[in-house]
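Visitor: Below is a structure I'd like to ask you about.
The values are calculated or read from the model by the stated rules, or taken from the named source; none is laboratory data. Model, not experiment: these values are computed from the prediction. Backbone-built Cβ (ideal geometry, glycine too); neighbour counts: all protein chains shown. Just so you know, the surface numbers come from the protein's heavy atoms only, side chains and all, with ligands and any DNA or RNA stripped out. Shrake-Rupley method; radii C 1.70, N 1.55, O 1.52, S 1.80 Å.
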Amino acid sequence: MLDQNEIDREIHAGLTETQHTAFALYDQGLNVFPQPYKKKGGYPWQRLQYIRLNRDHEAYGLKTLFAGRCNLAIMCGQTSDNLFVIDCETPQAFAYHRQQIQQRNIPLWAVKTGRGGHIYLKSIRGEVHSIESGQIADTEIKGRRGYVLGASSRHPNGSAYHWVSQQGEQIPRVDPNQIDWLQDIDGCAINLNWDATRPRKRS
């Protein structure tokens with residue numbers, strides 16, 4: 001969990017809120033990277049689908065990359081421990097998906113965004129496929145080849161991204177089959193798809 005007292009101490013020790021958040025999320029297994037302030041994109045990110053940044057590299061580590069004013073982005077998928085995000089594009093969609101999560105007794109890790117909110121989950125089965133805008137009402141699934149902006153970022157409209165819920169010490173791990181309430185715009189059920197995690201070969 002990202003503790004506000006700890007954030008305050010580290011800010012006073014010389015880290016900005018964005019730097020602290022970058023370190024904390026990285027230590028949760030997430031692949032974080034900077035993007036231009038008040039923009040959703042602009043810096044190259046495609047390689048981060050396959051590699052993770054070096055946390056403490058003197059020249060290219062998180063403290064250096066997140067120095068100055070910037071947004072904080074989080075890669076979804078395999079390089080973030082199979083993170084996938086329910087990306088809600090309106091307050092109503094955010095409230096609905098939060099309710100569904102809570103009804104299934106899944107711990108809620110959620111960020112308020114410029115238009116709605118993000119719900120963070122990790123798949124125990126593998127890398128979840130993304131579902132693009134237009135298939136589910138006011139909702140996307142950010143998984144493979146997707147990323148989101150995280151807490152401490154600023155939306156182009158000026159709104160701040162911030163945590164509204166962090167239940168438990170870790171982002172919850174779920175079977176994607178537990179996310180069983182999704183429907184397309186015609187009311188038909190949508191199931192999440194994923195690529196199964198392959199066991200690593202022993203050297």
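Visitor: Given (1) at positive phi; (2) at pLDDT below 95, where does residue 168 come up short, assuming only one miss?
Guide: So the condition that residue 168 fails would be (2).
Visitor: Of everything in segment 8-47 that's surrounded by fewer than 17 Cβ atoms within 10 Å (Cβ to Cβ) and of a type in the set (A, V, I, L, M), which residue is modelled with the highest pLDDT?
Guide: It comes out as 13.
Visitor: Give segment 90-109 a look and list any residue that's touching a Ser or Thr at 6+ places or on another chain (Cβ under 6 Å) and under 15 Å from residue 140 (Cα atoms), or say none.
Guide: The initial filter retains those residues of segment 90-109 that are touching a Ser or Thr at 6+ places or on another chain (Cβ under 6 Å), namely 93, 108.
93 - this is the single residue of segment 90-109 that is touching a Ser or Thr at 6+ places or on another chain (Cβ under 6 Å) and under 15 Å from residue 140 (Cα atoms).
Visitor: Please tell me if residue 106 is modelled with pLDDT under 95, part of a loop (DSSP other than H, G, I, E, B) and among the aliphatic types (A, V, I, L, M).
Guide: Details: modelled with pLDDT under 95: no; part of a loop (DSSP other than H, G, I, E, B): yes; among the aliphatic types (A, V, I, L, M): yes.
Taking the combined requirement at face value, the residue does not satisfy it.
Visitor: Counting only residues that are part of a loop (DSSP other than H, G, I, E, B) and in contact (Cβ under 8 Å) with a residue 60 or more places away in the chain, which one in segment 162-178 is surrounded by the most Cβ atoms within 10 Å (Cβ to Cβ)?
Guide: Among those that are part of a loop (DSSP other than H, G, I, E, B) and in contact (Cβ under 8 Å) with a residue 60 or more places away in the chain, it is 171.
Visitor: How about segment 132-145: which of its residues are touching a Phe, Trp or Tyr at 6+ places or on another chain (Cβ under 8 Å) and either over 17 Å from residue 180 (Cα atoms) or open to solvent by 10 Å² or more (accessible area, probe 1.4 Å) (or both)?
Guide: Going residue by residue through segment 132-145, those that are touching a Phe, Trp or Tyr at 6+ places or on another chain (Cβ under 8 Å) are 141-143.
Passing the criteria: only 142.
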